[in-house]
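Here, each number is a calculation from the coordinates, and none is a lab measurement. Computed from a prediction, not measured in an experiment: that's the story for all the values here. Here the Cβ positions follow ideal geometry from the backbone for every residue, glycine too, while neighbour counts run over all protein chains shown.
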Amino acid sequence: MDATSLDQAHAEVRRRLENVDTDSWGLTTPCDDWSVVDLVRHMAVGATMASSLLAGEPWNREPVVEEVASAPDLRAEWERRTQEERAGFADPGALDRMVAHPVMGDIPARQFLGMRVGDAVLHAWDLAKATGGDVELPSGLVAEVWDFMSPMSGFIGASGFFGSGPSGDVGPEAPLQTRLLDLSGRRP
């Protein structure tokens, strides 16, 4: 996985955001207690967290949450912040660094990139599901995120970050996207 994977994942989110109209911002998403607006705010805040951590800056979440919440155009705010995130991961040597993740502690930037790509890919599906859009994700991205996340299947359910985690009801014969969604606590 490299920075182009994040570019592709953000393109998937962007494609779904283009279909979010004024009436869609309040729709419920598959993410517990999050509307579309909550989900897009979460993604914008996460992008700034990534940019800050990659730059070696301390992460101070609350001011960023307030900035994003008061943005007059959330779609443009998401675009600006994710562009900064992509630039941070594309910076020469960025993937060879360690980052001080606020929850995971010190982790390799490559691992952090996998987390960020997975976040964007899964949230692209969440947006599509909430708004009645195209829920099919690119098979290459699905495979990359699966390869990154599947070794952590035991942790995923216990972490609380992915709902209840894998259901145990989806077998290896199911399409990879279905298995990935289930692994991440989503029930397509």
Fewest-first ranking of MET152, MET49, using other Cβ atoms within 10 Å as the exposure measure: MET152, MET49
Spherically averaged projected area in nm², based on the convex hull that wraps the Cα atoms of the chain: 10.1 nm²
Rg to Rh, two decimals, where segment 138-188 supplies the alpha carbon set and Rh follows Kirkwood: 0.93
Cα-centre dipole for segment 1-86 with unit charges at Cβ (Lys and Arg positive, Asp and Glu negative), debye to 20: 160 debye
5 angstrom amide H check on MET98, placed H, neighbours 5+ away: ALA109
Packing-based exposure ordering (other Cβ within 10 Å, fewest first) of PHE112, PHE155: PHE155, PHE112
Around VAL36: net Lys/Arg minus Asp/Glu count, Cβ-Cβ under 15 Å: -3
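When ASP134, ASP182 are ordered from fewest to most other Cβ atoms inside 10 Å of their Cβ, what list results?
By the 10 Å Cβ count, ascending, the order reads ASP134, ASP182.
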10 Å Cβ shell holding at most 15 others, DSSP loop, GluC sites (Glu not before Pro): longest site-free stretch of the chain: 19-135
Theoretical FRET efficiency, 1/(1+(r/R0)^6), r = Cβ-Cβ of ARG110 and LEU27, R0 25 Å, to 0.05: 0.15
